[in-house]
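Heads up: the structure comes next, in structure tokens.
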Amino acid sequence: MDDGAGAGRTPVQVPVPVPLGGGARAVLDRADRLLAAARRVAGDHADVTNGVLKAITPLRDALVRRELEGVPLSRLADVTEGRLRLGALEQAGYTNVRKVLDSSVYELCHVPGIGTRSAGQAIAAARGLADAMAEHVVVRLDADDADDADPHSTALVVALNRMVNAGPDIPRAVAAAERIDAELTPLLPPARPAGDRLRMLLTGKRRRHQAQRAVQSVDTFLSDAAADEVPLLLAQAATDLLRPVAEADEAWLDFQVRPADYLVLLAELSEPSPHLDAAEGFLPGDISERVRAQRLDDTHRRVSLRGYQAFGARFALAQRRVLLGDEMGLGKTIQAIAALAHLKAEGRTHFLVVCPASVVINWIREIESRSTLRAYRVHGQDRGVALAQWTRHGDVAVTTYDVLGSLAVDDGTALGMLVVDEAHYVKNPETRRSRTVKSWAARTDHVLFMTGTPMENRVGEFRSLVGHLQPALVPGIGYHDATIGSESFRKAVAPAYLRRNQQDVLTELPELQQVDEWEEFSPAARAAYRQAVEAGNFMAMRRAAYADPATSAKLRRLRELVAEAASNGLKVVVFSFFRDVLAAAEEALGTRPGSGPVTGPGPAPGSPAVFGPLTGRLPAARRQELVDGFAGASGHAVLLSQIQSGGTGLNLQAASVVILCEPQVKPTLETQAVARAHRMGQLRHVRVHRLLTADSVDQRMLQLLGTKKRLFDAYARHSEVAESMPEAVDLSEQSLARLIVAEEQERMALVPRPASPAV
């Protein structure tokens, strides 16, 4: 259904005129009851919504006043074009705009040189700045407020609780109610004469026919509504909207259990809308118009969509074969499910999701909780049984890249949509995996590739992904486009590529604070580092700081950061590329009984609950168990994870402290890992600590990768590929390693210094 029940349904044709008198009165009575139910739902929803808006107001006002404390009084000169005598106010102690805003005309008139008119102008200017600022401040909720919440935050949580507990069908019910009011109300006045036989006998022929046609139209409308079960939808919504108001403690607890539901509603009602161009991925106007015109049926969907998410689902449907490259944490899975639910409502029956093994379980959970579609796990020992059930019953099969090639599905099974998650896995067209995906993509007219990193370093890889989807676009994606600039690239790939960024569309995310923790080598670590540099062993250089765990400065700082998090009851996720570094961290932290499958020394008194390490060697189900156990642990806990495993596909919103044991060769690997915690549903401010060693490989990597990340941002963050300038700076993993090894050998005088080139 599109924005309401029954949209798109072929009207039921009434073959004969509706009888006059009693028959018409029965139709009109049904219409009046439906209209009253619709208006009751709309009114109750407006009351609940206004309750939230009322609760937001004092929080927004407090934020505005806090911001105005940092605005110097001189800003009022800009507002009043220099007409105010600010010097006198400043000398009297009115140094910022808030002090003026909180004053009365009477108070300001006591300042020498300030008269009634000037005082009024000053206060009016301050109010103008406050009003302008109110349009941009973001009201947030923090889980930490639950224990010591101010009354205004509690009032907001309680008000939101009413909307959340009303359930996911409320938007559909409200949309249906609005449609009923808009379409049924104009039909009733001309139809009412048909309900009175005597009145009809005294009415002219033209008016009688008009009344009969109006009654037929009303009856048709009611038949369509009944077929879509709209009366039942409205009745349930009316009940849900009148649930008793929750107690404060109950509302805060519910907020902590399902934060995303609260934050999405809060964002919809309180925050300025994202810039339209950013929400639509800076697509050309003609494509944006086509996407916005695409209907989005929500019959089989059980989740509300943010505006940019609805646009993403529409993009997939309107453009048919596309790459969704949204930044991590923006809900690509939800957008895919919305597209699948729409196609299901249109009559498509079979859908296929291909993803890494580590996220199969996550896909199963999301499909079954966010839609009415059934998901089949076509992976593992029972994949044959699941495949047979999917073939017979339809809905969504979820499988892996490795299993995909062995699936035997009859050509008679029409595939409604193919979804390929982490699609950068098939960027090399020569691999068997890529060829298998391409053959499956040829079986359907709807293909959705999803990846937060569609391109690492080469335009050719991006061209390969687009080649799976819309081959006709590939000749227009030139290797030179990256040198021309992002605008050229954006136009070339727009029909098949959509990318949005957190900072543009997720304004409700808590603050992200990143801190570089610089340490010095211990003598043992310095010796290990020198030996690794001399041997030209790049990987050993990267983890030399952990060579002697007993004296490692990085491990000491790791323990301090974890202890600080523990004192505040915060959960921590520790990322490293290396399993032996995670083992050292595990041993340094110690464990408590029942904390997870760890193999370090015996439990240390007061040590944290440590889960992991989560590595690529663990089965997908075991990985999810670790993440669930970590999220469900009471209070402080630590999750150890290889950055390649925990940085892809898993949601780690439970963690509000992220520790990176070393910088990564790929800047996108760090970005993905951090985004697993700093994403929709996160309640607390997220702090990222990167452990670094001065005068080492760490320092040089940051310098080089800073350049690489800027290039990625220039092309990928606005629906463009992350492509460095051809023939300029090659920052592949191998070349970066060679470059850093050579420079460190030279710096440490371990190889002869090369002769200076002739000038």
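Bear in mind these aren't lab numbers, they're just calculated from the coordinates by the rules spelled out. Everything quoted here is computed from the prediction, not taken from an experiment. Here the Cβ is made from the backbone with ideal geometry for all residues, glycine too, and neighbour counts use every protein chain on show.
Values as computed for the structure displayed
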{"item": "Packing-based ranking, highest mean first, of 253-259, 55-61 given that Cβ atoms within 10 Å are counted", "result": "55-61, 253-259"}
{"item": "Distant-in-sequence amide H partners of HIS689 (H built 1.01 Å from N, under 5 Å)", "result": "VAL515, VAL658, ILE659, LEU660"}
{"item": "Gain in span if fully extended, THR431 to ARG206, counting 0.36 nm per residue against the direct Cα distance", "result": "73.6 nm"}
{"item": "Distance in nm between pseudo-label sites at ARG127 and SER104 (7 Å out along the Cβ direction from Cα)", "result": "1.5"}
{"item": "Under the Karplus curve 6.51 cos²θ - 1.76 cosθ + 1.60, θ = phi - 60°, whole-Hz ³J(HN,Hα) for the range 109-118, x wherever Gly or Pro sits", "result": "5, 6, 7, x, x, 10, x, 4, 5, 5"}
{"item": "FRET efficiency, THR372 to MET539 (Cβ-Cβ, R0 45 Å, nearest 0.05)", "result": "0.40"}
{"item": "For the range 438-443, Karplus couplings with θ = phi - 60° (6.51, -1.76, 1.60), whole Hz, Gly/Pro x", "result": "4, 5, 5, 4, 6, 8"}
{"item": "Segment ALA92-ASP286, length gained on full extension (0.36 nm per residue, minus Cα span)", "result": "64.1 nm"}
{"item": "Reachable lysines from LYS554, criterion Cα separation under 30 angstrom, eight or more residues apart if same chain", "result": "LYS571, LYS666, LYS708, LYS709"}
{"item": "Point-charge dipole on Cβ atoms (K/R +1, D/E -1) for the range 313-408, about Cα centre, debye to 20", "result": "260"}
{"item": "Those GluC sites (Glu not before Pro) in the range 243-272 that DSSP places in a loop and that have at most 15 other beta carbons within 10 Å", "result": "GLU247"}
{"item": "26 Å Cα-Cα reach of LYS344 towards lysines, excluding residues that sit fewer than 8 places from it in its own chain", "result": "LYS332, LYS438"}
